[in-house]
Amino acid sequence: MDIIKIIGIGLIALIIIIIVKQYRPEFTIYVSLVAGALILLMVMDKISGIIDLLTSLSNKTAINNEFLVLLIKITGIAFLTEFAVSICKDSGEVAIANKVDLGGKVIIISMSIPIIASLLETILKILP
């Protein structure tokens with residue numbers, strides 16, 4: 001079970017961070033980064049499987065492939081932004097974390113505009 005491995009990496013990283021924080025607090029961010037990268041690598045296989053499934057479903061239906069690509073990119077941006085925000089907060093930089101979060105949200109909204117426009121066009125076609 002992958003979740004057991006992910007939880008194990010998280011708990012081991014937590015224990016290492018608690019121990020290292022007593023002697024060399026500046027190294028805790030590196031432990032956090034390594035643990036995050038390991039977990040990200042573990043879930044990449046699952047993410048690629050999800051993308052393959054969505055692609056095959058998109059090919060079977062009349063869904064525009066451009067929208068699927070946009071949704072996958074938006075989801076990736078959300079994951080990466082959350083990862084960066086967590087790292088910033090772990091290192092005590094809440095102000096930077098808030099700005100990274102805001103930047104991610106603005107980029108997501110700007111990338112969503114074609115989907116929103118298409119949805120509004122569809123609604124206008126349905127309404128008399």
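Numbers at a glance
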quantity: Efficiency of FRET between Ile63 and Val106 - r from beta-carbon atoms, R0 25 angstrom, step 0.05; calculated: 0.45
quantity: Surface accessible to a 1.4 Å probe, per residue, for the residues of the chain, Å²; calculated: 74 Å²
quantity: Cα Rg over Rh - the range 14-60, Kirkwood; calculated: 1.37
quantity: Accessible area of Thr61 in the full protein assembly, 1.4 Å probe (Å², nearest 10); calculated: 70 Å²
quantity: Diffusion coefficient, µm² s⁻¹, Stokes-Einstein with Kirkwood Rh over alpha-carbon pairs of the chain at 10 °C and 1.306 mPa s; calculated: 91 µm²/s
quantity: Debye log10 I(q)/I(0) for the range 44-90, one point scatterer per Cα, at q = 0.26, 0.29, 0.32 Å⁻¹; calculated: -0.94, -1.04, -1.11
quantity: Global geometry of the range 53-128, whether rounded, prolate or oblate, following the gyration tensor of its Cα atoms and the 1.5 cut on a/c; calculated: oblate
quantity: Relative contact order, percent, the chain [alpha-carbon distance under 8 Å, six or more residues apart]; calculated: 18 percent
quantity: The chain: calculated mean residue ellipticity at 222 nm from DSSP helix runs of at least 4, using -39500 (n - 2.57); calculated: -32000 deg cm²/dmol
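The values are calculated or read from the model by the stated rules, or taken from the named source; none is laboratory data. This is a predicted model, so every value here is computed, not measured. Neighbour counts run over all protein chains shown; Cβ positions are idealised from the backbone, glycine included. What goes into the accessible areas is simple: the full protein's heavy atoms, side chains included, and nothing from ligands, DNA or RNA. Shrake-Rupley method; radii C 1.70, N 1.55, O 1.52, S 1.80 Å.
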